[in-house]
Ligand SMILES: Cc1cc2nc3c(=O)[nH]c(=O)nc-3n(C[C@H](O)[C@H](O)[C@H](O)COP(=O)(O)O)c2cc1C
């Protein structure tokens with residue numbers, strides 16, 4: 001089975017302006033190309049003062065256009081041709097000066113004229129000093145661009161090249177490339193609510209010691225991200241203390257709310273939170289790794305060191321089983337099974353039935369914490385096997401299956 005690769009063969013035109021963050025465009029070109037996109041660059045006059053176009057031409061393996069090309073007597077009208085070429089246009093970094101010209105409808109440069117002529121969606125990534133960003137003129141220009149249906153991505157906060165700290169940084173390249181990917185992901189989950197559990201839980205022995213497991217939450221994170229990109233309202237019940245992953249805000253082009261992360265510690269908390277969300281969700285994915293056992297009683301304070309310590313354990317709530325048993329005909333549940341390789345298929349098949357899942361994803365023990373793994377997916381009808389599938393691809397495969 002093939003799976004979606006959102007940037008494969010996509011034609012992306014990057015308009016580059018003369019801002020200090022211009023050096024980051026090199027990394028952006030490489031990243032998008034690695035994902036299979038075809039890149040063309042158009043530099044403003046300001047951009048040419050910072051960087052020689054040869055650099056972008058070499059990295060993109062495509063001509064880098066400058067204003068010298070604007071009036072070349074070559075028979076075709078370049079800014080019209082360039083406007084027809086891309087599936088999407090990015091302006092990175094977008095300077096205050098360029099934004100003001102674009103907001104007035106100026107076509108005095110090749111990039112401006114291309115943007116006026118194009119029907120392609122255009123993403124603007126402003127980057128400038130905080131005072132420039134907060135200036136009423138810039139604010140008005142940005143509002144105007146939004147009214148003209150440009151997708152303006154808010155700059156980040158942090159240290160700026162001028163030595164100040166504040167809003168105006170170009171977002172990290174990873175974040176920009178994620179926005180572009182999200183743009184191309186098919187929106188087959190619009191209007192759907194998705195519940196995902198992720199990460200391990202902790203069961204306390206005393207107030208500072210606990211039993212846990214090696215789950216990193218990666219699978220749940222990639223599932224949450226993919227569901228968000230596909231237009232779902234995502235509720236992520238999360239067993240780790242922090243959320244160490246990049247998730248771009250898509251509110252510049254999407255009305256879908258940013259995923260809500262519910263931090264929980266124990267299996268009981270994960271259960272209570274998931275239970276309260278479950279009835280309103282169309283799809284529930286139990287990718288969390290709740291501890292199966294907890295100490296029957298937890299010691300108040302800190303246990304003193306002893307020769308040996310015996311702890312009486314009891315079973316915790318089986319979140320996936322309890323909630324999946326309550327599902328209506330309109331709800332879909334997806335479970336996960338982590339098991340020794342030789343027992344995997346047999347165990348997973350039984351688990352799917354016993355726990356009333358519509359889909360079950362089985363993976364071997366060594367999947368925990370890794371970026372990729374072997375998987376067997378039990379769908380309502382079939383069994384699909386994957387070798388060394390990255391976890392982000394697993395998320396695509398699953399939501400492709402649900403969308404078809
Ligand atoms: C060293 C230096 C750094 C600059 N950095 C920025 C910047 O980050 N953002 C910005 O909006 N303008 C910045 N400017 C001002 C722009 O380069 C200037 O407005 C230029 O005319 C923009 O050209 P363009 O709109 O053709 O790209 C900077 C200027 C200099 C000299």
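The values are calculated or read from the model by the stated rules, or taken from the named source; none is laboratory data. These numbers come from a predicted model, not from an experiment. When we count neighbours, we look across all protein chains shown, and the Cβ atoms used for this are built from the backbone with ideal geometry, even at glycine.
Some points to look at:
- Members of region 63-73 that are in a helix (DSSP H, G or I) and farther than 19 Å from residue 38 by Cβ: 67, 68
- Single residue of 160, 170 found to be modelled with pLDDT under 95, near the ligand (Cβ under 10 Å from one of its atoms) and surrounded by 15 or more Cβ atoms within 10 Å (Cβ to Cβ): 160
- Residue among 63, 33, 49, 24 that alone is modelled with pLDDT of 95 or more, surrounded by fewer than 16 Cβ atoms within 10 Å (Cβ to Cβ) and touching a strand residue (DSSP E or B) at 6+ places or on another chain (Cβ under 8 Å): 63
- Test: residue in region 233-244 that is touching a residue at least 40 places away in the same chain (Cβ under 8 Å), part of a helix (DSSP H, G or I) and surrounded by 23 or more Cβ atoms within 10 Å (Cβ to Cβ): no
- Selection from region 353-363 of residues that are part of a helix (DSSP H, G or I) and in contact with a helix residue (DSSP H, G or I) (Cβ under 6 Å, 6 or more places away or on another chain): none
- Here residue 109 clears all of (1) crowded, with 21+ Cβ neighbours inside 10 Å; (2) more than 10 Å from the ligand (Cβ to nearest atom); (3) farther than 26 Å from residue 167 by Cβ except the condition numbered (2).
- The residue that is nearest to the ligand (Cβ to nearest atom), counting only those in region 78-106 that are free of Cβ contacts under 8 Å to residues at least 60 places away in the same chain and farther than 19 Å from residue 142 by Cα, is 79.
- Here residue 172 meets the list (1) under 16 Å from the mean Cα position of the chain (by Cα); (2) touching a residue at least 40 places away in the same chain (Cβ under 8 Å); (3) farther than 28 Å from residue 124 by Cβ almost entirely, failing just condition (3).
- Scan of region 124-155 for residues that are without any contact (Cβ under 8 Å) to a residue 60 or more places away in the chain, crowded, with 16+ Cβ neighbours inside 10 Å and either away from the ligand (no atom under 13 Å from the Cβ) or closer than 20 Å to residue 111 by Cα (or both), ordered by number: 124, 125, 126, 138, 141, 142, 144, 145, 150
Conditions (1) more than 16 Å from the ligand (Cβ to nearest atom); (2) without any contact (Cβ under 8 Å) to a residue 40 or more places away in the chain; (3) more than 30 Å from residue 393 (Cα to Cα), marked per residue:
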site: 9; (1), (2), (3): yes, yes, no
site: 27; (1), (2), (3): yes, no, no
site: 33; (1), (2), (3): yes, yes, no
site: 38; (1), (2), (3): yes, yes, no
site: 51; (1), (2), (3): no, yes, yes
site: 54; (1), (2), (3): yes, yes, yes
site: 59; (1), (2), (3): yes, yes, no
site: 72; (1), (2), (3): yes, yes, yes
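- Among the residues of region 25-54, those identified as assigned to a helix (DSSP H, G or I), within 29 Å of the chain's Cα centre (by Cα) and within 18 Å of residue 91 (Cβ to Cβ) are 25, 26, 27, 28, 29, 31, 32.
- Selection of strands (runs of 3 or more DSSP E) fully inside region 74-167 by the criterion of at least 1 residues being not assigned by TED's automatic domain parsing to the domain that holds residue 178 returns nothing.
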